[in-house]
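Presented below is the structure to which this report refers.
The values are calculated or read from the model by the stated rules, or taken from the named source; none is laboratory data. In this text, all values refer to a predicted model and were calculated from it rather than measured experimentally. For neighbour counting, all protein chains shown are included, and Cβ atoms are generated from backbone atoms with ideal geometry for every residue, glycine included.
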Amino acid sequence: MKNRNYPIINNIQNTYIQASGIDGEGLFSNAIINKGEILCQLDGQKMSWDFFDRLKQLYDKNDDFLFGEWNALDKDTLLVRAIRTKYSYINHSRDPNLKLLYNPLRIISLNKIPKNTELTLDYRKEPLRKEYIERHGKYYL
């Protein structure tokens, strides 16, 4: 695991971060996760995409700690976590073992996940803006 000079909020228990075969670092299970298990509930501050984009410009683009993650709640609204959590290490897969459920926003396992398995989500299932997909998502979705 990369040497970090900042803490990561441990919002997903029984997991660890390590090098991923998918991209960079990933989040891995420390124990068996049963089908239908809720791994965590995601919280944060609701804001528009436009407000988030303006806020992001105020921070150094190399800052890997502040404003490290968000989820699209709909085409106009994001749920932003100002401090990075383990959630941000879940990589994309078209054959995921996790999914997001809404109201409240939470992560649930799609099947039984063995210990030491990388946890993945299909990012395409979020209500992402067309502009985001064309600008950033085209490289990995």
**Message:** Filter segment 7-21 down to the residues that are modelled with pLDDT of 90 or more and of a type in the set (V, I, T) and list them by number.
**Reply:** I12, T15, I17
**Fill in**
Reported set for segment 97-112 where residues are under 16 Å from N34 (Cβ atoms) and part of a loop (DSSP other than H, G, I, E, B) is N97, L110, N111, K112
**Complete:** L78 fails exactly one of (1) surrounded by 15 or more Cβ atoms within 10 Å (Cβ to Cβ); (2) closer than 26 Å to A19 by Cα, namely (2)
**In segment 13-55, residue surrounded by the fewest Cβ atoms within 10 Å (Cβ to Cβ) [restricted to those that are under 14 Å from K86 (Cα atoms) and of a type in the set (F, W, Y)]** = Y16
**Request:** Filter segment 11-44 for residues that are in contact (Cβ under 8 Å) with a residue 60 or more places away in the chain, outside any loop (DSSP other than H, G, I, E, B) and of a type outside the set (A, V, I, L, M, F, W, C) and give the result.
**Result:** T15, E25, G26, S29, Q41
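I need a count of the residues in segment 118-141 that are surrounded by 14 or more Cβ atoms within 10 Å (Cβ to Cβ) and either modelled with pLDDT of 95 or more or part of a loop (DSSP other than H, G, I, E, B) (or both).
If we filter segment 118-141 for residues that are surrounded by 14 or more Cβ atoms within 10 Å (Cβ to Cβ), which is where we start, we get 118-123, 126, 128-129, 132, 137.
Pick out the ones that are also either modelled with pLDDT of 95 or more or part of a loop (DSSP other than H, G, I, E, B) (or both) and you get 118-122, 126, 128-129.
Matching residues across segment 118-141 total 8.
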**Asked** Restricting attention to segment 81-89, does a residue exist that is over 16 Å from L39 (Cβ atoms), in a loop (DSSP other than H, G, I, E, B) and under 12 Å from the mean Cα position of the chain (by Cα)?
**Response** yes
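Of everything in segment 12-62, what is aromatic (F, W, Y) and within 18 Å of L73 (Cα to Cα)? Give them in sequence order. Write out each step before concluding.
To start, the set of residues in segment 12-62 that are aromatic (F, W, Y) comprises 16, 28, 49, 51-52, 59.
Selection gives W49, F51, F52.
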